[in-house]
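Student: Dropping the structure in here first, questions after.
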Amino acid sequence: MSGLTKPQNKSGYPALDDTRASYNLLVQDVNYFALNRSGTVAPGCATGAGSGIKAATANATTYIAGGKPTALGASGNYWDLTTAAQGATVMVGPAAIKYRLMADSGQNAHVQSSSVDPTGNANNCVFPSQPANNNTILGMLTVVVSVGNNFTPGTTGLGGTGVTNTFIDGSDGSELIAGLLTP
């Protein structure tokens with residue numbers, strides 16, 4: 001036992017505990033993506049009907065949520081951005097925010113917002129947590145507000161002055177990697 005110090009974690013070997021923690025994150029991410037997948041037809045995420053303050057699905061799609069195949073019809077105003085936990089604040093440009101546009105096995109809409117980046121760089125937006133196990137990411141919305149303009153989710157139209165929006169069907173590809181790299 002000479003040269004060894006008192007164990008400060010479960011195994012007594014920090015490298016092993018770090019590996020175990022990384023493995024656990026990987027298993028969680030794989031389980032989430034195995035049980036929650038976008039469908040075979042892209043939902044066609046787009047600006048909602050009317051005033052354009054909501055996000056919509058332009059196409060009917062089938063997805064898997066909580067391991068259950070679920071069909072969702074096209075909807076002109078499906079996702080309400082004001083329901084997002086961090087999304088009901090006034091953003092003063094330059095600023096950027098991302099939204100996960102999700103649905104559960106009961107066809108209920110769910111929105112999760114990222115942090116707001118005050119420089120207008122959407123790559124710096126971070127989500128506070130992984131989606132709930134029963135929520136499937138059907139699309140992503142990125143909103144960037146230019147200097148001197150404002151955006152209030154649920155009030156300002158997504159096509160408002162100085163507001164640029166980008167929709168992606170499915171995840172933006174950083175979801176699994178972000179989970180693996182986040183301690």
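Student: Return yes when G106 is over 20 Å from T47 (Cα atoms) and at pLDDT 85 or above and no when it is not. Reasoning before the result, please.
Tutor: On the way: over 20 Å from T47 (Cα atoms): yes; at pLDDT 85 or above: yes.
Yes: the conditions hold for G106.
Student: Can I ask one more? Just to be sure before I move on: is S113 free of Cβ contacts under 8 Å to residues at least 40 places away in the same chain and crowded, with 17+ Cβ neighbours inside 10 Å in the structure I sent? Before the answer, list the steps.
Tutor: Details: free of Cβ contacts under 8 Å to residues at least 40 places away in the same chain: no; crowded, with 17+ Cβ neighbours inside 10 Å: yes.
No; evaluated as a whole, the condition is false for this residue.
Student: Run down T61, T57 and say which single residue is at pLDDT 80 or above, in contact with a Phe, Trp or Tyr (Cβ under 6 Å, 6 or more places away or on another chain), polar (S, T, N, Q) and surrounded by 14 or more Cβ atoms within 10 Å (Cβ to Cβ).
Tutor: On the way: T61 fails: in contact with a Phe, Trp or Tyr (Cβ under 6 Å, 6 or more places away or on another chain).
Going through T61, T57 in turn, just one is at pLDDT 80 or above, in contact with a Phe, Trp or Tyr (Cβ under 6 Å, 6 or more places away or on another chain), polar (S, T, N, Q) and surrounded by 14 or more Cβ atoms within 10 Å (Cβ to Cβ): T57.
Student: State whether one or more residues within the range 151-166 are out of contact with any helix residue (DSSP H, G or I) (no Cβ under 9 Å at 6 or more places or on another chain), exposed (fewer than 14 other Cβ atoms within 10 Å of the Cβ), at pLDDT 85 or above and outside any helix (DSSP H, G or I).
Tutor: Quick first cut of the range 151-166, residues out of contact with any helix residue (DSSP H, G or I) (no Cβ under 9 Å at 6 or more places or on another chain) only: 151, 156-157, 159-165.
Filter again for exposed (fewer than 14 other Cβ atoms within 10 Å of the Cβ), leaving 159, 161.
Among the residues that remain, those that are also at pLDDT 85 or above are: 159, 161.
Keeping just the survivors that are outside any helix (DSSP H, G or I) gives 159, 161.
Yes, that holds for at least one residue.
Student: Go through N121, N134 for me and flag whichever is surrounded by fewer than 20 Cβ atoms within 10 Å (Cβ to Cβ) and at pLDDT 90 or above. Please lay out each step first, then the result.
Tutor: On the way: N134 fails: at pLDDT 90 or above.
Criteria check complete, one pass: N121.
The values are calculated or read from the model by the stated rules, or taken from the named source; none is laboratory data. All figures in this text were calculated on a predicted structure; none of them were measured in a lab. Neighbour counts are summed over all protein chains in view; Cβ atoms, including those assigned to glycine, are modelled from backbone coordinates with ideal geometry.
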